[in-house]
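For reference, the structure discussed in these notes is given below.
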Amino acid sequence: MDMTPKQIVAYLDDYIIGQKNAKKTIALALRNRYRRMMVEPKLQEEIMPKNILMIGSTGVGKTEIARRLAKMMGLPFVKVEASKYTEVGFVGRDVESMIRDLVYEGINLVTKEFEEKIKDKIDDEVNRKIIEKLVPPLPESASDSAKESFIKTYNTMEKKLLDGSLDDKKIEIEIPKKAHIEILDSSMPFDMSSMQESLNKMLGGLNKDTVKKEVLIKDAKVLLRSVASESLLDTEAIKVEALKRCENGGIIFLDEIDKIASGKKNNGQDPSKEGVQRDLLPIVEGSIVQTKFGQIKTDHILFIAAGAFHVSKPSDLIPELQGRFPLRVELESLDEEALYKILTNTKNSLLRQYQALLAVEDVELEFDDEAIRAFAKYSVTANEKTEDIGARRLHTVIEKVIEDISFDADEKKGTKVVVTKELVSEKLDDIVENIDTARYIL
């Protein structure tokens, strides 16, 4: 997490074109979280995160900025749609479930890290169990020559197991019988989930049986790995670390916030909209939420809200909620040059993805520079004539051009296919020119 704002922006530049203001604002918000952890504990409690409201059309990079950052920093991150929540008393999910989602994400993140730390121990335990099945242990009364022979056989089998030459051999293994099915439903009320937990523990205590399965050794490695990691991992330490990380580093991306904004005109039509905003207030401001892994304080969780605000305005949100998102950043719409750069300058761009997919069929795909510019031009035209869906339009436009090449890939094995400006025009001219057709096809 020790990255300067400049380093954070430089990382984002590899994946997202433009949007300098948004990158700068989010980079500062993340750096301030690191700075907060470095100050004295008394002051730490007083420093609250500056929540961000991102305003911009769909497909301009709002979600991608937040998602890439969380991935890079190794922080618990969840993206939720504001429109799926409803006021308490209405049918739908309660807003606290987003915090429970974050905790589940934190648990998964920390579990993977802990597993990575004891990876060698887990591998040794799995290998030991498999070799025991292949070479059963000798009784204590065995002769010295038998013991010597056993050690040789054991070492030979271990070598074969490690180099993968035994992967297709079948063995019979024993794994614990599941006495229950874990339901990770964050929308379940806390009382219900804790009751389910108690019942599962009771059933788990009653049923200690194992089941025998005959499987290939490569499958046995996977099955025994989960059993070994379960017995070797410190679940309490994982819970404590996950909750701490969620409280101090968790990020919740609240998308479609404009869908719960109700202007004065339509205020009477949907009473649950304002209700959801009021339910969000204590969560964003700071409260304690009960989860099956323990209590979590939301005071220092960073909330990033985003919306297009075509119909409503940020001022249509209730004043109390507006005040909880002090940082506002507006994202620019993408022009032709930006779309061209998205196709050429980003890591793992769409064009590279198509080239990799067709390389599987032994087809070398190449794009002329003029063809790439044509993709950008047709995407901008389609966005202007129909709905503006930003960079997402590139998916539709490129797919329309590549469709036939991809379909006939088996006939083009071992050849090189060049996508030219003429091919792009041939496929897209008529569709883009006709607004009605463009609405349904692009």
Across the range 380-413, what is the total count of residues that are part of a loop (DSSP other than H, G, I, E, B) and open to solvent by less than 30 Å² (accessible area, probe 1.4 Å)? 3
Only one of Glu370, Glu361 is farther than 25 Å from Met54 by Cα and not in a helix (DSSP H, G or I), namely Glu361
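Checking the condition within 30 Å of Asp234 (Cα to Cα), open to solvent by less than 60 Å² (accessible area, probe 1.4 Å) and in a strand (DSSP E or B), which residue from Val110, Val78, Val103, Val126 passes? I'd like the intermediate steps shown before the answer.
Working: Val110 fails: in a strand (DSSP E or B); Val103 fails: in a strand (DSSP E or B); Val126 fails: in a strand (DSSP E or B).
One residue alone meets the criteria, Val78.
Given the residues Met54, Met72, Met38, which is the only one that is hydrophobic (A, V, I, L, M, F, W, C) and open to solvent by 60 Å² or more (accessible area, probe 1.4 Å)? Don't jump to the end; show me each part of the working.
Working: Met54 fails: open to solvent by 60 Å² or more (accessible area, probe 1.4 Å); Met72 fails: open to solvent by 60 Å² or more (accessible area, probe 1.4 Å).
Selected residue: Met38, the only one of Met54, Met72, Met38 that is hydrophobic (A, V, I, L, M, F, W, C) and open to solvent by 60 Å² or more (accessible area, probe 1.4 Å).
Among the residues of the range 1-22, which ones are of a type in the set (Gly, Ala, Ser) and either surrounded by fewer than 16 Cβ atoms within 10 Å (Cβ to Cβ) or part of a loop (DSSP other than H, G, I, E, B) (or both)? Before the answer, list the steps.
Taking the range 1-22 as the starting set, the residues that turn out to be of a type in the set (Gly, Ala, Ser) are 10, 18, 22.
Within the range 1-22, Ala10, Gly18 meet the criteria.
Please verify whether Lys62 is surrounded by fewer than 19 Cβ atoms within 10 Å (Cβ to Cβ) and either touching a Cys at 6+ places or on another chain (Cβ under 9 Å) or of a type in the set (D, E, K, R) (or both), treating the condition exactly as stated.
On the way: surrounded by fewer than 19 Cβ atoms within 10 Å (Cβ to Cβ): no; either touching a Cys at 6+ places or on another chain (Cβ under 9 Å) or of a type in the set (D, E, K, R) (or both): yes.
The answer is no for Lys62.
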Residue under question is Glu132, and the condition is that it be touching a Ser or Thr at 6+ places or on another chain (Cβ under 8 Å), part of a helix (DSSP H, G or I) and surrounded by fewer than 19 Cβ atoms within 10 Å (Cβ to Cβ); does it hold? no
If you go through the range 282-325, how many residues are open to solvent by 40 Å² or more (accessible area, probe 1.4 Å), assigned to a strand (DSSP E or B) and within 21 Å of Met37 (Cα to Cα)? 3
In this structure, does Thr25 turn out to be open to solvent by 50 Å² or more (accessible area, probe 1.4 Å) and either β-branched (Val, Ile, Thr) or part of a loop (DSSP other than H, G, I, E, B) (or both)? no
Which numbered condition trips up Met188, out of (1) farther than 30 Å from Thr291 by Cα; (2) modelled with pLDDT under 80? (1)
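The values are calculated or read from the model by the stated rules, or taken from the named source; none is laboratory data. Everything numeric here is computed off the predicted structure, so don't read it as measured data. Reconstructed Cβ throughout: ideal geometry from the backbone, glycine too, with neighbour counts over all protein chains shown. Only protein heavy atoms, including side chains, enter the accessible area calculation; ligands, DNA and RNA are left aside. Shrake-Rupley method; radii C 1.70, N 1.55, O 1.52, S 1.80 Å.
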